[in-house]
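To keep things clear, I will list the structure first and then write my remarks on it.
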Amino acid sequence: MKRTRSENASRISKRQLNDDDSENSYKATHVKETTVVKSINKPTSPLRSLTSSVQSLTTDTSKKPQQQQQPQPDIFQRGKALFRRTVVPSRLIGREAERTTMMDFWTQHVLLNKPGGLYISGAPGTGKTAMLNDVKRQMETTSTANKTKDKKHTTKMAMINCMSVNEPKAIYTKIVTELKPTNSRQSPFPGDADIIVQAEHLLLNSNKNTLYVVVLDEIDHLVTRDKGVLYKLFEWTSLPSSRLVLIGIANAMNMTDLVLPRLRAKNCEPQLLNFNPYKAADISAIIKDRLYSLLDDDRHCQNTETKPTTPLPLIQPIAVELCAKKVAARKGDLRQAFDLCQQAIELAHKEYKRSNTNCNNVLRDSKTNTKVSGSRSQLSATDPPKVTIRHISAVSQSLTGNSGKDKLSKLTTQQQIVMGTLWKLKQKKTRTTMSDVCSEYTSTIKANGTIPPVTTTELYTIISNIQDIGLLSIKGSKEQTKQQVLLNMEDSDLKNMIDEVPLLKNIFQ
Ligand SMILES: Nc1ncnc2c1ncn2[C@@H]1O[C@H](COP(=O)(O)OP(=O)(O)OP(=O)(O)O)[C@@H](O)[C@H]1O
Ligand SMILES: [Mg+2]
């Protein structure tokens, strides 16, 4: 399957590169994302465009004279960037059966103008959302050339993350807002009617020229509160007047048992697609694919065919296998594998910097205390890998036991204050948005008066860095202020952190 250059473009945001490692030499805050995307010009590698982007953030060779170039991010920094949670890979490895099922569904329904439902289930981090986005992108790119497309109909699409709504009925509002016709010449829209009537008017009607595709991600969030909305929408897909293709994605294991019997009873059972947890071999292949992109970036391996015979950069293959086995033995959540790799690289990086500093000290003239030679040159992707089984073993303890506690103790003061703010908000509210965090953080810090508050932009960066560490998740809405912030750890660990750190105790108690 051929890919276009734009398909291959990994999308990487500023914050993905804005490592909280203070020695990170390639902080990207001053570089516009658009520059990054434009700079991508090498289409063959899976994450090549990502690593190219990392370079482009530091080196704009077209504008700056040679001597003003900033240093290249080193192999460790580029390696860590590959495993950020927020990285969108340009290609997905494996999952061919699931891809085929999704593409067949898309062809049979979206392209052939036929209403229907698809219910995707699977544990967290098994690639459900990534695969749907990839299939959608692929189908959209090829659909104009696709001969199976019924040229007579137009398709309108709404992608909704159910975490972004306060209450299930708001799903109807989202659907209507995103999909209702803007063209007044079309059939009159009952704008002042009840929102369910409006949604019905839109999705159930005799106009066969428009098909509405609604993707509901994280539908678990709906089911735990009010299954009615979900049942109704799936029912609508099977009515004679339906114009709706509904794709629901769920990650709770018991969701299928909860929802499907009733849909089956009503004769509107959607097509099912389950994502099994990744096995060790899958996880290992995905990690290796990302690591090989470091080689492409160094232009040592122009041909992907030669990769299997080329030594893996940065992490020893046996260490990758260990990481994959450890994650597969738990729930096969790819995000955990990425976290482990990132932490192991970080650990190896620290050790390398330490040994490098010692080496440079030794290289000073003992009498004059002047350096007799420069520092060691930077490691490249073809140097022997520095991340070993020992590093993976050390960080993999974070998969079990009191990992949250450990991670909390390593946060910076401002990061800890943000976590304290989230803990405080959780005592008051069931749902916390970015804007809640900002106002609570600012008022708490100002009321306390011990340290100055950071700006809103800095606060967003801090929150996003904490997300990269895995202590919280940011979900939903395109609008940053409305995004939901969820804690990924026990309240008791947060409470202990506040009790143990005097400044936090002073601020939050
Ligand atoms: N086959 C794959 N190849 C490469 N990267 C993948 C693959 N599958 C998933 N990923 C990456 O793993 C991460 C988790 O995937 P994704 O968000 O799709 O999981 P999910 O099943 O939707 O999880 P959740 O249920 O928590 O929403 C993402 O960063 C995604 O890009
Ligand atoms: Mg998902």
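The numbered conditions (1) surrounded by 16 or more Cβ atoms within 10 Å (Cβ to Cβ); (2) outside any helix (DSSP H, G or I) are all true for P452 except (1).
When you check K478 against the structure, is it on the phi < 0 side of the Ramachandran plot and in contact (Cβ under 8 Å) with a residue 60 or more places away in the chain, yes or no? Against the criterion (on the phi < 0 side of the Ramachandran plot and in contact (Cβ under 8 Å) with a residue 60 or more places away in the chain), K478 does not qualify.
On inspection, Y231 fails the criterion of being under 24 Å from M163 (Cβ atoms) and modelled with pLDDT of 95 or more. Could you please let me know if L222 is away from ligand 1 (no atom under 12 Å from the Cβ), at pLDDT 85 or above and outside any strand (DSSP E or B)? No.
Residue by residue, here is whether (1) of a type in the set (F, W, Y); (2) within 20 Å of N465 (Cβ to Cβ); (3) in contact (Cβ under 8 Å) with a residue 12 or more places away in the chain holds:
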{"site": "V395", "(1), (2), (3)": "no, yes, yes"}
{"site": "G404", "(1), (2), (3)": "no, yes, yes"}
{"site": "K407", "(1), (2), (3)": "no, yes, yes"}
{"site": "T413", "(1), (2), (3)": "no, yes, yes"}
{"site": "R431", "(1), (2), (3)": "no, no, yes"}
{"site": "S435", "(1), (2), (3)": "no, yes, yes"}
{"site": "T444", "(1), (2), (3)": "no, yes, yes"}
{"site": "G449", "(1), (2), (3)": "no, no, no"}
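For (1) modelled with pLDDT of 95 or more; (2) surrounded by fewer than 14 Cβ atoms within 10 Å (Cβ to Cβ); (3) basic (K, R), each residue gets a yes or a no:
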| position | (1), (2), (3) |
| --- | --- |
| K266 | no, yes, yes |
| P270 | no, no, no |
| K279 | yes, no, yes |
| I283 | yes, no, no |
| I286 | yes, no, no |
| C301 | no, no, no |
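Determine, yes or no, whether I466 is under 26 Å from K80 (Cα atoms), within 25 Å of the chain's Cα centre (by Cα) and assigned to a strand (DSSP E or B). Against the criterion (under 26 Å from K80 (Cα atoms), within 25 Å of the chain's Cα centre (by Cα) and assigned to a strand (DSSP E or B)), I466 does not qualify.
One residue stands out in segment 93-134 among those that are free of Cβ contacts under 8 Å to residues at least 12 places away in the same chain and more than 27 Å from L203 (Cβ to Cβ): the one that is nearest to ligand 1 (Cβ to nearest atom), namely E96.
For (1) surrounded by 12 or more Cβ atoms within 10 Å (Cβ to Cβ); (2) under 23 Å from V165 (Cβ atoms); (3) among the polar types (S, T, N, Q), each residue gets a yes or a no:
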site	(1), (2), (3)
L425	yes, yes, no
T432	yes, yes, yes
I466	yes, no, no
S473	yes, yes, yes
N488	yes, yes, yes
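Each residue in segment 78-122 was checked for being within 16 Å of ligand 2 (Cβ to nearest atom) and at pLDDT below 90, and 5 of them qualify.
The values are calculated or read from the model by the stated rules, or taken from the named source; none is laboratory data. Predicted model, so just to flag it, every value in this text is computed and none were measured. With ideal geometry, Cβ positions are generated from the backbone for all residues, glycine too; neighbour counts draw on all protein chains shown.
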